[in-house]
Amino acid sequence: MSSTPLHLVPSPVEAASDDAFPHVAINRLRREGRLSAPLPVALGGEGLSEPEQVGALRRLLTETGRDSLPVGRLFEGHVNALALVLRYADPGTREALARDARDGHLFGVWNTEPKENGLTLDAVGRLHGAKSFASGAGFVTRPLVTARMPDGRSLMLVMRLKAGERADLGEWRVHGMRATATGTVDFSGLSLSDGAVIGAPDDYSRQPFFFAGAWRFLAVQLGGMEAVVEIFRTHMRDTGRGGDPHQQARFGRSLIALESCRLLVARAAEVAAAEALAPERVVACVNLARAAIDQAGLDVLTLAQRSVGLAGFLDDHPLEAQMRDLATYLRQPAPDFALTGMAAHVLDGDTPLHELWPEA
Ligand SMILES: Cc1cc2nc3c(=O)[nH]c(=O)nc-3n(C[C@H](O)[C@H](O)[C@H](O)COP(=O)(O)OP(=O)(O)OC[C@H]3O[C@@H](n4cnc5c(N)ncnc54)[C@H](O)[C@@H]3O)c2cc1C
């Protein structure tokens, strides 16, 4: 993998239409070895999924999100899928899927499903039903999905799909993150032999790995916040309005929000990777960062809107698409539960606050 900065600038075609899938940027990740970088060195990667490399992985996710939130979302799904494969798959499956990653297949994690017609696996190994809000639908060729078994437990599978197959993007008419091609994928008619089983039933939701893995999307969201604040600064410079004390105060508050989140995401990533604390404590640390970035992301959007004004809502201003992407991507599952669960954990315990998440 080269160490040059990514700068995943979309192609002119991609830039002209914010709902085009970012082929150029994904191909660039592929070419630069980023799709295989999370694999261990022994499997042809750079070991970015190893706990001691968590800082490097976090910086890469933030950098990708800063350049493009849709690309960051797709890359985060790929990294998450490989992390699950590396953790739970048997050695033969791990090797086969590592080869697919090295060959350039894009992975993703598709867990969300429609209220009716969610994905099930019957007693003879056939799949029925669909996944919804599946990023990279039609482009991800190695999705990791969860399928409900007859006994109610959930099994992880990595399916082998062909590009363009089974994806329905008809309902993805959305405020932002349009380029992620987030759609519905129906697996009916496929069976276990069209994919590989990953781990044992219910491994997907094992804690703390399940909830604590949220640190990865926080790292991407942080990149999106950075981009908003950078556009804000450029606008102040270009318009000569940065000397005004009201503008300085709003910009200063944006920086505080951004830099506080940077520290919290870094700590969440370290605590999640180390897994040295009780699972509930690890999850509470990541949930604290989730709640912080959810609020801080909205705060920087409001501050930038007030400072840039109407110009930032015109579709030729860089803030316009960036705001839509960040506002959309901030919507992650169960934010209330993340905040209150973290608070309840600390309220129920008597560990001194300064010892909750000790520095390494
Ligand atoms: C760009 C993008 C790409 C995505 N890609 C994928 C993907 O590839 N794979 C995938 O699996 N998913 C994907 N998702 C879906 C994502 O994981 C979440 O499912 C989705 O973002 C949840 O958003 P939500 O706001 O509807 O969450 P919800 O959890 O429904 O939250 C909405 C509100 O309801 C509250 N709430 C939640 N549960 C309850 C309850 N039981 N009772 C009362 N209130 C409740 C929440 O606190 C919040 O205030 C993607 C989402 C986005 C935005």
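The values are calculated or read from the model by the stated rules, or taken from the named source; none is laboratory data. Computed from a predicted structure; not experimentally measured. Quick reminder, even Gly has a Cβ in these numbers, built from the backbone with ideal geometry, and neighbours come from all protein chains shown. Keep in mind that these areas ignore ligands, DNA and RNA; they rest on the heavy atoms of the full protein, side chains included. Shrake-Rupley method; radii C 1.70, N 1.55, O 1.52, S 1.80 Å.
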All positions within segment 63-90 that are of a type outside the set (A, V, I, L, M, F, W, C) and outside any helix (DSSP H, G or I): SER68, ASP90
Identify, from the list GLY152, GLY170, GLY176, the residue that is within 10 Å of the ligand (Cβ to nearest atom) and farther than 22 Å from LEU97 by Cβ. GLY176
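How many residues are more than 16 Å from the ligand (Cβ to nearest atom) and without any contact (Cβ under 8 Å) to a residue 40 or more places away in the chain when one looks only at segment 100-115? Let's see the steps before the verdict.
As a first pass, look at segment 100-115 and keep what is more than 16 Å from the ligand (Cβ to nearest atom): 100-104.
Cutting the leftovers down to without any contact (Cβ under 8 Å) to a residue 40 or more places away in the chain gives us 103.
Count: 1.
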Give segment 194-226 a look and list any residue that's touching a Pro at 6+ places or on another chain (Cβ under 6 Å) and buried (at least 18 other Cβ atoms within 10 Å of the Cβ), or say none. PRO208
Does ARG206 qualify as being more than 10 Å from the ligand (Cβ to nearest atom) and at pLDDT 95 or above? yes
Which is in contact with a Leu (Cβ under 8 Å, 6 or more places away or on another chain), open to solvent by 10 Å² or more (accessible area, probe 1.4 Å) and at pLDDT 95 or above, of VAL229, VAL271? VAL271
State whether the residues of segment 270-289 include one that is over 30 Å from GLY349 (Cβ atoms), out of contact with any His (no Cβ under 9 Å at 6 or more places or on another chain) and within 16 Å of the ligand (Cβ to nearest atom). no
In segment 299-333, the residues that are within 16 Å of the ligand (Cβ to nearest atom) and in a helix (DSSP H, G or I): LEU301, ALA321, GLN322, MET323, ARG324, ASP325, LEU326, ALA327, THR328, TYR329
Report yes if some residue within segment 341-348 is part of a helix (DSSP H, G or I), of a type outside the set (Val, Ile, Thr), open to solvent by less than 90 Å² (accessible area, probe 1.4 Å) and more than 30 Å from ALA274 (Cα to Cα); otherwise report no. no
Among the candidates GLY77, GLY65, GLY55, GLY45, residue that is in contact (Cβ under 8 Å) with a residue 12 or more places away in the chain, surrounded by fewer than 15 Cβ atoms within 10 Å (Cβ to Cβ) and not hydrophobic (A, V, I, L, M, F, W, C): GLY55
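Could we say that ARG126 is more than 12 Å from the ligand (Cβ to nearest atom), open to solvent by 30 Å² or more (accessible area, probe 1.4 Å) and closer than 16 Å to LEU161 by Cα here? Walk me through it before giving the result.
Values: more than 12 Å from the ligand (Cβ to nearest atom): yes; open to solvent by 30 Å² or more (accessible area, probe 1.4 Å): yes; closer than 16 Å to LEU161 by Cα: yes.
Criteria met by ARG126.
Return yes or no: is ARG250 surrounded by fewer than 17 Cβ atoms within 10 Å (Cβ to Cβ), in contact with a helix residue (DSSP H, G or I) (Cβ under 7 Å, 6 or more places away or on another chain) and of a type outside the set (A, V, I, L, M, F, W, C)?
No; evaluated as a whole, the condition is false for this residue.
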